[in-house]
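Notes follow the structure.
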Amino acid sequence: MDINTAEDENKDRSTTGDENQEKGTAEDEDMDIMEDELIVPDSAEDDDKSDIYPALNSSSVLLCKESLDSDEESNDVPEEDSISRDVNHRGVYVKLVVKNGYTNLGKRKKSDRVYNSTHPCPLCDKTVTNFSHHILSKKHANDADVTKIGTLSGKEKKVAIQKMRLKGSHKHNMKVLKEKKGEIFLLRRSSNKKTDGVLGEEDEEEDENQSDCMATFDMSKYGPCPECLGWVLLKSIKRHMKTCCVSKDPTSSKCQLIVQSDLLSERITEEASKALVSETFTIMQQDEVAKVAKNDSLIVTLGNTSMLRNAGNKVMRRYYTSSVMRLAAKFKMELLGMDCTDLREEKNKDDCDQGEGKDGNSMKKELSEFLRPQCFDMIVAAALKCSCQDAMDEEDLKTPSNALKLGYDIKKMVSAKLGRALMKDDAGNQKDAEGLLKLMDMEWGVRVNKLARIALTERSFNAERQLPLPEDIKKLCAYLLTEIGKLDLTDCSYENFRKVATLSLARVTLYNRRRCHEVQALRLVFRAIC
């Protein structure tokens with residue numbers, strides 16, 4: 001019995017030794033795997049969306065590849081209650097700020113904010129929850145920009161990571177705009193407290209600049225910052241520049257910033273010349289008419305032509321061009337707003353719905369599609385509407401000069417269409433352009449120009465012209481000379497400068513009253529000589 005027992009013990013020990021040896025081999029393999037895995041520090045933030053428990057006792061947390069991938073990528077569309085869709089393209093949406101004071105386990109949190117934001121990576125196009133950890137991981141260690149960020153520290157490193165994050169968001173947003181489907185990443189999001197499409201009162205203070213747009217979310221009202229590429233509300237882009245992480249010159253005007261943003265988001269056609277963009281687009285009123293004018297190729301061509309025709313008048317050409325482009329844009333909007341019955345019969349039925357020009361779809365169709373002989377009656381009606389034709393009296397036009405201007409502008413745009421057709425050897429567009437030009441030569445003068453000239457002639461006869469009395473002009477001149485003589489040119493205060501400028505402008509204007517607009521064309525060199 002003793003011998004058998006000893007033999008059994010030896011067998012058990014040998015078996016146990018083999019098991020320990022196998023276990024040690026398995027532990028070594030696990031250690032090898034751990035060296036290849038990504039080690040991330042503990043998270044101090046509590047999140048009811050996270051699968052990882054925070055504030056663990058261990059110095060590091062091992063994430064397997066499967067959990068890491070599931071944490072980085074989140075391509076599923078969230079629930080409708082937590083998003084706001086674009087009014088024009090329902091496939092485009094933005095996540096709203098979600099607030100919840102309790103975790104999924106029922107524990108009360110210090111803050112009711114739910115940190116569910118994600119950010120697209122500009123290098124691998126993945127959507128990640130922790131951008132800084134992702135961009136500084138081994139996956140992008142060989143990238144030049146990431147290597148440069150690794151050499152920085154403190155605030156410079158934080159700003160560099162933020163710039164790369166906003167660059168990835170801009171790249172993703174441009175892709176969504178082209179595909180018209182996906183999530184838009186904004187620099188600041190709104191809360192989800194809505195009542196019948198209107199934000200709640202509790203959000204008015206927090207989202208003062210976004211409350212009127214986020215409930216319906218009109219994507220056309222947002223654009224990238226020219227400096228940091230973060231997408232902000234365009235009407236508050238000037239305020240954003242004061243706190244922008246990249247901006248070093250916050251002196252640019254609001255219109256200039258909006259034009260630069262439209263160029264980055266490709267809302268301004270590439271055919272616009274540099275002078276047209278820098279001079280005309282920056283002073284143009286930013287409204288729906290301006291959007292139509294900037295996005296139609298024929299209207300932009302008309303603007304380029306106007307800039308060239310007034311090349312010698314650098315002071316006023318921006319204003320002339322702006323008025324020409326805006327009038328052509330209003331003409332296009334009137335065409336889009338009409339019942340396109342004739343156009344639907346010969347072209348695509350889905351591209352010409354009634355009322356299309358009154359919403360965000362006004363940029364879908366090009367003006368060249370209407371410049372055909374078959375649409376001549378619509379063109380005449382739209383031109384008369386731009387002249388504010390009286391509904392009771394069709395011969396009464398409130399602004400008859402618009403009809404005369406549109407006659408010349410439409411011919412220029414048709415000629416531009418004809419030129420493009422000749423260069424591209426497009427027989428169809430060439431035939432349409434030539435036919436419309438012939439129709440305008442035959443009927444435009446009778447159906448439009450005649451009504452406009454009659455209205456202008458009648459008003460010129462009935463216009464009252466009040467001339468100032470010579471005694472009043474003499475008194476004004478004497479007063480100006482007296483006040484100018486009392487000026488103290490050594491005083492450099494703002495009040496004194498304003499007074500000097502006002503008196504000088506009044507004196508020069510009174511001296512050259514017939515050509516008073518020449519005063520603004522005078523340069524400082526000429527004023528110094530005088």
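Between Arg239 and Arg90, the contour length at 0.36 nm per residue exceeds the alpha carbon distance by 50.7 nm.
What's the FRET efficiency of Ser253 with Leu467 using the Cβ-Cβ distance as r and R₀ = 35 Å, to the nearest 0.05?
Values: r = 39 Å, r/R0 = 1.13.
Using R0 = 35 Å, I get an efficiency of 0.35.
At full extension, Lys178 and Ser273 could sit 31.8 nm farther apart than now, given 0.36 nm per residue minus the alpha carbon distance. Extending 7 Å from the Cα toward the beta-carbon at both Lys148 and Leu487 defines two label points whose distance is 5.1 nm.
When ranked by the protection proxy of mean other Cβ atoms within 10 Å per residue, highest first, what sequence do the peptides 316-325, 225-234, 460-469 form? Kindly include the intermediate steps, with their values, before the conclusion.
Values: 316-325: 19.8, 225-234: 21.5, 460-469: 6.3.
Result, highest mean first: 225-234, 316-325, 460-469.
If each residue of separation counts as 0.36 nm, what is the full-extension length gain between Tyr102 and Ala501 once their alpha-carbon separation is subtracted?
On the way: separation 399, 0.36 × 399 = 143.64 nm, distance 6.40 nm.
So the chain would gain 137.2 nm between Tyr102 and Ala501.
When peptides 436-446, 99-109, 402-412 are sorted by average Cβ neighbour count within 10 Å, with the highest value leading, the order is 402-412, 436-446, 99-109. Here the label points at Ala391 and Leu136, each 7 Å from Cα along the C-beta direction, are separated by 6.6 nm in the simple model. Take the Cβ atoms of Glu156 and Leu308, set R0 to 41 Å, and the FRET efficiency comes out at 0.30.
I want the local charge near Leu418. Using Cβ-Cβ distances under 13 Å, sum +1 for each Lys or Arg and -1 for each Asp or Glu among the other residues. The partial results should precede the final answer.
Numbers: positive: Arg372, Lys411, Lys412, Lys417, Arg420, Lys424, Lys431, Lys438; negative: Asp425, Asp426, Asp432, Glu434.
Overall, the nearby charge balance is +4.
Projecting label points 7 angstrom from Cα along Cα→Cβ for Asp426 and Leu404 puts them 3.3 nm apart.
Read the figures in this text as sums done on the coordinates, not as results from a lab. The model shown is predicted, which means the values in this text are computed figures rather than measured ones. Positions of Cβ are backbone-derived with ideal geometry, glycine not excepted, and every protein chain shown enters the neighbour counts.
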